[in-house]
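Trainee: For reference, the structure I am asking about is given below.
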Amino acid sequence: MAYESLFTVSNDRIMVTSVIPSPEGYRVRLYNAGGAPEEFRINSGRIKIRTLKIIREDGSYEYIQPDKVLRLPAFGIMEPVLVK
C-alpha cells in the first residue's frame, strides 16, 4: 500500500514541527533551523490546499494562493493554516 503525505514543503531546510486539525483545514508549524533566510512553497498532497491562511504574530491574518513562494527568516517560525 502506497502512502501519500498530507502535504510537502519544497525546501528541506524548513522543518514541519506540528500538524493540528482546525475547523478550516490543518494548522501547521514551520521552522527554519538554518542560519539564513529560506524560501519555500507548501504543496498539496492528500490535503488539496485551496488557500493558505497566514497568521501574523499580532493575530491578524491574510489569505494567499497556495502556489505563492513563502519566506522564513533564519530561525523563524510560521504557522499557516492549510485551508481545504
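Readers should treat all values here as calculations from the given coordinates under stated rules, not as data from a laboratory. Since we're looking at a predicted model, the values are computed, not measured. Methodologically, a virtual Cβ is constructed for each residue, glycine included, from the backbone with ideal geometry; neighbour enumeration extends over all protein chains shown.
Trainee: Can you give me the distance in nm between label points at R56 and V69, each placed 7 Å from the Cα along the Cα-to-Cβ direction?
Mentor: Taking the simple label geometry, R56 and V69 are separated by 2.2 nm.
Trainee: I'd like to know which of S18, L6, L72 lies farthest towards the positive end of the charge dipole of the chain, counting +1 on Cβ of Lys and Arg and -1 on Cβ of Asp and Glu.
Mentor: Value computed over the given set: L6.
Trainee: While we're looking at this one, here's another question. By the gyration tensor of its Cα atoms, with a ≥ b ≥ c the square roots of the eigenvalues, what is the shape of the chain: rounded for a/c under 1.5, prolate for a/b over b/c, or oblate?
Mentor: oblate
Trainee: Build a GNM of the chain with springs between Cα atoms under 10 Å: which of V16, V69, V28 gets the top mean-square fluctuation?
Mentor: Result: V69 has the largest fluctuation of those listed.
Trainee: While we're on this one: If the only charges are +1 at each Lys and Arg Cβ and -1 at each Asp and Glu Cβ, what is the size of the charge dipole of the chain around the Cα centre, to the nearest 20 debye?
Mentor: Here the chain has a charge dipole of around 240 debye.
Trainee: A further question follows. Can you pull out the chymotrypsin sites (Phe, Trp or Tyr not before Pro) in the chain that DSSP calls coil and that have at most 16 other Cβ atoms within 10 Å?
Mentor: Those that pass, being in a loop and sparsely packed, are Y3, F75.
Trainee: Also, I was wondering about something else. Starting from region 1-78, pick out the GluC sites (Glu not before Pro) whose DSSP state is loop and whose Cβ has at most 12 other Cβ atoms within 10 Å.
Mentor: Sparse-neighbourhood loop GluC sites (Glu not before Pro): E4, E57.
Trainee: Note the full-extension length gain between N43 and M15 as 0.36 nm times their separation in residues minus their Cα-Cα distance, in nm to one decimal.
Mentor: Extending this stretch completely gives an extra 8.7 nm.
Trainee: In region 32-66, what trypsin sites (Lys or Arg not before Pro) fall in a loop by DSSP, with at most 16 other Cβ atoms inside 10 Å? Display every interim value, and only then the final one.
Mentor: Details: sites: R41, R46, K48, R50, K53, R56; in loops: R41, R46, K48, R50, R56.
Sites meeting the loop and neighbour criteria: R41, R46, K48, R50, R56.
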